[in-house]
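Participant: Pasting in a structure now, in structure tokens, and then I'll have a few things to ask.
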Amino acid sequence: MIALEAVAESVRHYHPSLVPGLLQTEAYMEEIVRSSLLVEPPGVVPRRVEVRRTRQAVLTREEDPLELTAVLDEAGLRRQVAGPEVMREQLLHLAEMAVRPNITLQVLPLAKGAHPGMPGGFVILRLPR
């Protein structure tokens, strides 16, 4: 999927429990990567974080930045990943990214109740013709 993101015109992303990788801060990503590994071979976390940081360049490139629409589940925004300071930094980063003309962020409120995206996250890529 990484190669497809690099050439995609747009990405639509939803995940019920975390911030999409393209919008994660480094501290948030480190915790997500670390917590998803059952065993941490040396160097895996920094390598995966670096790959994710490299992927994020598609959002801020000068020419033809990727259009991203992300639906953020309120539950994922409230989940304390690595503590309050990391979440504060992550939420501020989301606010900064949301003002970019190529990024649309929406929040699915907990009050919405059951919805079609509950079974899991998904990504829809639109590729050039």
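Participant: Of ARG78, ARG52, which residue is surrounded by fewer than 10 Cβ atoms within 10 Å (Cβ to Cβ), under 18 Å from SER17 (Cβ atoms) and of a type in the set (D, E, K, R)?
Facilitator: That would be ARG78, the only listed residue that is surrounded by fewer than 10 Cβ atoms within 10 Å (Cβ to Cβ), under 18 Å from SER17 (Cβ atoms) and of a type in the set (D, E, K, R).
Participant: From the list VAL49, VAL58, VAL44, which one is at pLDDT below 90 and farther than 23 Å from VAL123 by Cα?
Facilitator: VAL44
Participant: Restricting the first residue to the range 101-129 and requiring it to be over 18 Å from ARG79 (Cα atoms), which pairs with a second residue that is polar (S, T, N, Q) meet a Cβ separation below 6 Å and a spacing of at least six or different chains?
Facilitator: THR104/THR69; ARG126/SER10
Participant: Have a look at VAL86, VAL71 and point out the one that is of a type in the set (Val, Ile, Thr) and either within 17 Å of GLU30 (Cα to Cα) or without any contact (Cβ under 8 Å) to a residue 24 or more places away in the chain (or both).
Facilitator: Result: VAL86 is the single residue among VAL86, VAL71 that is of a type in the set (Val, Ile, Thr) and either within 17 Å of GLU30 (Cα to Cα) or without any contact (Cβ under 8 Å) to a residue 24 or more places away in the chain (or both).
Participant: Taking into account only those residues within the range 96-121 that are of a type in the set (Gly, Ala, Ser) and surrounded by 10 or more Cβ atoms within 10 Å (Cβ to Cβ), which is modelled with the lowest pLDDT?
Facilitator: Of all residues in the range 96-121, those of a type in the set (Gly, Ala, Ser) come to 98, 111, 113-114, 117, 120-121.
With the extra rule that they be surrounded by 10 or more Cβ atoms within 10 Å (Cβ to Cβ), the set shrinks to 98, 117, 121.
Numbers: ALA98: 95, GLY117: 71, GLY121: 77.
The selected residue is GLY117.
Participant: Could you run through the range 78-120 and say how many residues are part of a loop (DSSP other than H, G, I, E, B) and closer than 18 Å to LEU66 by Cβ?
Facilitator: Adding up the residues that qualify gives 4.
The values are calculated or read from the model by the stated rules, or taken from the named source; none is laboratory data. Everything numeric in this text was worked out from a predicted model, so none of it was measured. Glycine also receives a Cβ, built like all others from the backbone with ideal geometry; neighbour counts cover every protein chain displayed.
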